[in-house]
Every structure is written in structure tokens, then in C-alpha cells.
Amino acid sequence: MAYTYTSWLLLGQLLLLVSNTAAKVPAIIVFGDSSVDAGNNNQLSTVLKSNFKPYGRDFYGGRATGRFCNGRIPPDFISEAFGLKPYVPAYLDPMYTISDFAVGVCFASAGTGYDNATSDVLSVIPLWREVEYYKDYQKKLRAYLGVQKANRIISEALYLISIGTNDFLENYYTLPNRRSQYNVDQYQTFLAGLAENFIKELYSLGARKISLAGLVPMGCLPLERTSNLIGGNGGGCQESYNIVAKSFNGKLSGLVNKLNGELLGVKVVLSNPYDTFQQIVQKPSAFGFEVTAVACCATGMFEMGYMCDQFNPFTCTDANKYVFWDSFHPTEKTNRIISDHMVKHVLNVFM
Ligand SMILES: *[C@@H]1O[C@H](CO)[C@@H](O)[C@H](O)[C@H]1NC(C)=O
């Protein structure tokens, strides 16, 4: 009796071991905007770049890679948490080759959106072209590893998608075109439809483990506080933008449920950073921050990209005291807190 029981126990453990090994994520594959761009924009002729100091001053070697941050961004932390490399390189970065990209690759482009009209604003990579680069990557991966190994990576990889903020802030609320066509609720529905098409296309190309990121309370980005200030409404968060972010996250949540029901063998999760981010912004001291209303770089009120340069005398010395690095992007410390939370509470289903 005891012998049989032990055997079953061992068999159970063995099966668990086998299934765990099979479930392991062999690569991180990233699509989206500046929240996750590791430097693809360096190769474009756009004004939206960050491959110069003080960007990257807390990255490995103090290197300005094109990440819109003083250090690492969420895909880097997530890759590390999955036991892969501590950073995910940009597909267009000439420093890396297919042997690096086999365990992690980023197709994201700062300034882009779900909407084609958004990527046009600053001449960056539209989402459909990120997919074209991904198809190109698949070809290279198959040539490098052989079809079978490559296909296993493609289907077992964790796909991170983080995009949407620019559709609202750079496009809808800045330019007249989309506002003349859609009210904000209709625009959200339009974007959610584009997100659905995008994920279905990734699925048809082999993706099975997908994390769709929600939006942060974008009305609390220092740039939006500044425009609130200029608009004569004090320097607080632009609450109307936060309401839109929350509502859009709700639509994405519905989409995730729908896709899990429709697509055989897929696992899609919503990585919603809204609540954690809001807690940080509302009570920065609880997370070890001192400043949240302005960013570290330059005056912290409006600068990003080329306006955040190494000659600005106002740039802070310790970015860890700040929630935001530039007027639109979190510091590495904020990215780490958000990523840790996601790994622990959402992405753990893929571990
Ligand atoms: C975006 O542009 C691409 C390339 O021109 C096109 O194939 C796609 O249909 C466009 N998407 C929408 C929603 O218009």
C-alpha cells in the first residue's frame, strides 16, 4: 500500500516536472510604444529619440540605448524574472543578432499607437509594420534554429503588448481628425477593434501566450499636469484622461475574455498597471519616492526626447526619488515596481 502511494506521488511529481519544463517561456517578444521600446527609433528619422545622455545613465554601462528611461523598462524586468536575459534588445539595434533575438526581441516604437494615424504624427513605426518585422524575424529564426525549434519558440514565447497612450494623447486630443469622426467612447471601441485584429493576427502567426497591457492613469503624467496648469486648472492630474484610461482598460478586459473564449489554445492576460500606478502617484512616499508631480529630467514639466539633454542644469541627481524620468515616462524604479507586481499577480500563470 505504502509503496503504491509513494509511486503515485513520485509519478505525480514527475508529471509536474515535465509539464513545468514544457510550460517554460523560452523567449520574450515585445510589441508597442515607448513604454516598451528598447531602441528601434534610433534607426528612424523621427524627432522621437532617446539614444543620448542622460537617458540610460543607470542602464548597464550607462548606455543610452533608446529606452525612454534612466535605466530598464518593463520587458527587461519581465525577461529577467522568467530566467532569461536581464534586458530585451531592439530588433533594429545593430549590436544584436538573431542569436540574441532567439531569447528576446522588441519590435516596439516610441510614439506609435493602435491607430495608423498615430504613428504618422511623428513618423514612427506603425503597428502593422511591427508585425512585418516580426514575420521577418520568424524567417530568420527558422533559418537559424531550424523549423521545429523555431516554431517551438514562437508558440511558447511570452508576447508582451503595451500600446495605446499615444492614440489618446498624441492623436485624439491633439489633432482634430479623429475627434471629428468619433466621440471618445467610439474611439475607444475603434481602438479595441484594432487591438483585437492585431492579437488575432499574432495568433495566426503562432503566438499562444499573450500579455496585453492596460493604460496607466495618463492624466497624471507630468506633461498632462503641466497642460492642466497652463489651462488654469492647477497642477493636478487631468482627471478626464484618467477616466478614459480606466474605461479603455475595461474594454481591453472584455476583449481579453472574448479572445480566450474564441481562440483555441490561447492564453491572453490583461496586465493592468492602472491601480498600482495610481497608488504610487497618490502616495509616492509609501514606495520610497519623494517627487511625483514633476519628472527628474530638466524642469520635469514638459521635457522629453531632445529637450531632455545632458546640459540641462535642472536634471535631478537621484532618479530613484522620482516617479517619472521625463515628462512622459516612468523612472527605472517605477518600472521595476510595476513589473514586479505584474510578474507576481498576472504573468505568474506563464511560469
Ligand atoms: C493601416 O495601414 C496598413 C498599411 O497601409 C493597412 O494595411 C491597414 O489596413 C491600415 N489599418 C486600418 C485600420 O486602416
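The values are calculated or read from the model by the stated rules, or taken from the named source; none is laboratory data. Because the structure is predicted, anything quoted here is derived from the model rather than measured. Heads up, the Cβs are rebuilt from the backbone with ideal geometry, glycines too, and the neighbour counts pull from every protein chain shown. Quick note on the areas: whole protein, heavy atoms, side chains included, nothing else; ligands and nucleic acids left out. Shrake-Rupley method; radii C 1.70, N 1.55, O 1.52, S 1.80 Å.
Name the single residue, out of those in region 61-81 being assigned to a helix (DSSP H, G or I) and closer than 22 Å to D340 by Cα, that is most open to solvent (accessible area, probe 1.4 Å). Give the steps one after another, and end with the answer.
So in region 61-81, the residues assigned to a helix (DSSP H, G or I) come out as 61-62, 74-81.
Checking the rest, the ones that are also closer than 22 Å to D340 by Cα come to 74-81.
On the way: P74: 29, P75: 3, D76: 1, F77: 10, I78: 12, S79: 1, E80: 79, A81: 47 Å².
Per the criteria, the residue is E80.
Among the numbered conditions (1) under 18 Å from the mean Cα position of the chain (by Cα); (2) under 21 Å from G66 (Cβ atoms), tell me where V343 comes up short.
Unmet condition: (2).
Take region 223-236 and flag every residue that is over 18 Å from E170 (Cβ atoms) and of a type in the set (A, V, I, L, M, F, W, C).
Residue satisfying the conditions is L229 alone.
Is it the case that region 96-115 has a residue that's in contact with a Leu (Cβ under 7 Å, 6 or more places away or on another chain), part of a helix (DSSP H, G or I), within 14 Å of the ligand (Cβ to nearest atom) and not aromatic (F, W, Y)?
No; the residues of region 96-115 include none that is in contact with a Leu (Cβ under 7 Å, 6 or more places away or on another chain), part of a helix (DSSP H, G or I), within 14 Å of the ligand (Cβ to nearest atom) and not aromatic (F, W, Y).
Within the set of pairs 6+ apart or on separate chains, which have a first residue in region 89-117 that is modelled with pLDDT of 95 or more, a second that is aromatic (F, W, Y) and assigned to a strand (DSSP E or B), and C-beta atoms under 7 Å apart?
Correct list of pairs: F107/F31; A108/F31.
Is there any pair linking a residue in region 139-165 that is polar (S, T, N, Q) to one that is surrounded by fewer than 21 Cβ atoms within 10 Å (Cβ to Cβ), with Cβ under 6 Å and at least six apart or on different chains, and which?
That search, which allows pairs on different chains as well, returns S155/G206; S155/R208.
What pairs come out if I take residues in region 320-336 that are closer than 16 Å to F77 by Cα and pair them with residues that are open to solvent by 30 Å² or more (accessible area, probe 1.4 Å) and part of a strand (DSSP E or B) whose C-beta lies under 6 Å away, six or more apart or interchain?
Short answer, once both residue conditions are applied: T331/Y322.
Of everything in region 117-134 that's surrounded by fewer than 21 Cβ atoms within 10 Å (Cβ to Cβ) and part of a loop (DSSP other than H, G, I, E, B), which residue is nearest to the ligand (Cβ to nearest atom)?
P126
Can you tell me which of F190, F168 is of a type in the set (F, W, Y), modelled with pLDDT of 95 or more, surrounded by fewer than 22 Cβ atoms within 10 Å (Cβ to Cβ) and within 19 Å of N116 (Cα to Cα)? Even if it seems obvious, please write down each step before you answer.
On the way: F168 fails: surrounded by fewer than 22 Cβ atoms within 10 Å (Cβ to Cβ).
It is F190.
Mind listing just one residue for me: the one in region 311-340 that is within 20 Å of the chain's Cα centre (by Cα) and among the β-branched types (V, I, T) and, of those, most open to solvent (accessible area, probe 1.4 Å)?
Residue satisfying both the conditions and the ranking: I337.
Would you pick out the residues in region 84-98 that are surrounded by fewer than 19 Cβ atoms within 10 Å (Cβ to Cβ) and within 12 Å of G39 (Cα to Cα)?
Those that are surrounded by fewer than 19 Cβ atoms within 10 Å (Cβ to Cβ) and within 12 Å of G39 (Cα to Cα): P94, M95, Y96.
Inside region 267-296, can you point out the residues that are surrounded by 15 or more Cβ atoms within 10 Å (Cβ to Cβ), in a loop (DSSP other than H, G, I, E, B) and out of contact with any Phe, Trp or Tyr (no Cβ under 6 Å at 6 or more places or on another chain)?
If the condition is that a residue be surrounded by 15 or more Cβ atoms within 10 Å (Cβ to Cβ), in a loop (DSSP other than H, G, I, E, B) and out of contact with any Phe, Trp or Tyr (no Cβ under 6 Å at 6 or more places or on another chain), then N272, P273, F289, T292, A293, V294 are the ones that fit.
Exactly one condition in (1) open to solvent by 40 Å² or more (accessible area, probe 1.4 Å); (2) part of a helix (DSSP H, G or I); (3) under 29 Å from A293 (Cβ atoms) is not met by G232; state its number.
Exception for G232: condition (2).
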